[in-house]
Amino acid sequence: MEAVLTVLGVLLGVLLLLGLWVIILYNLLVKLRNHVDESWSDIDTELKRRHDLIPNLVETVKGYAAHEKNVLERVVRARQAAMAQHNSPAELARDENELVGGLRQLFAVAEGYPVLKANENFLHLQQELINTEDRVQRARRFYNANVRDLNTKIDVFPSNVIARMFTFGKREFFEIESADFRQPPAVKV
């Protein structure tokens, strides 16, 4: 009888340790998933900030370069697409890259208007956009680091067993072009 109790005690202890292990790994996966969600929220906030700056920038440029209508319309369309609902980071990245291309083209147009380049409002908006781009890149790196940590934990044994059991899914990285508006664009002749 004593041997049976010892075996049951050991078995209960093993089950208790196994249950504790499952709880710890589950909580770690939840924590990592929440970090990813939080860091995605940071990206979303910074992109909205950039989207809010663009109409003022377009209006400022429009006053000086009204005949550059195609460039201005491209930026407006790209902004609308970037602000739309997206199903994945890859879709958002595609639209954000289009917006970055439009903004680069807009700043290339501004190079041809010295009065515009000297305009205090334009310079302020350009500086705000530069600061926002830095913040977007910082938020993107933070998000991608959290995605890397979550995806690694989902892939490695033994946490992959728990991840599969509780259907934790891997997340996509968010890759967008760096919009470096500090450098004048290269003009090819």
Open item on the list: Semi-axes of the equivalent ellipsoid for the stretch 2-165, please: Cα gyration tensor eigenvalues, times 5, square-rooted, ordered largest first, whole Å.
Closed with: 55, 13, 10
TODO: Could you work out the relative contact order of the stretch 2-165, using alpha carbon pairs under 8 angstrom and six or more residues apart, expressed as a whole percent?
DONE: 37
- [ ] Enter the per residue convex hull volume of the stretch 63-114, computed from alpha-carbon coordinates, in Å³ rounded to the nearest integer.
- [x] 61
- [ ] Could you tell me the number of lysine pairs in the chain with C-alpha atoms less than 21 Å from each other, where the two lysines are 8 or more residues apart or belong to different chains?
- [x] 6
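A short reminder: the numbers here are calculations on the coordinates, not readings from a lab. None of the values given here were measured: they were computed from a predicted structure.
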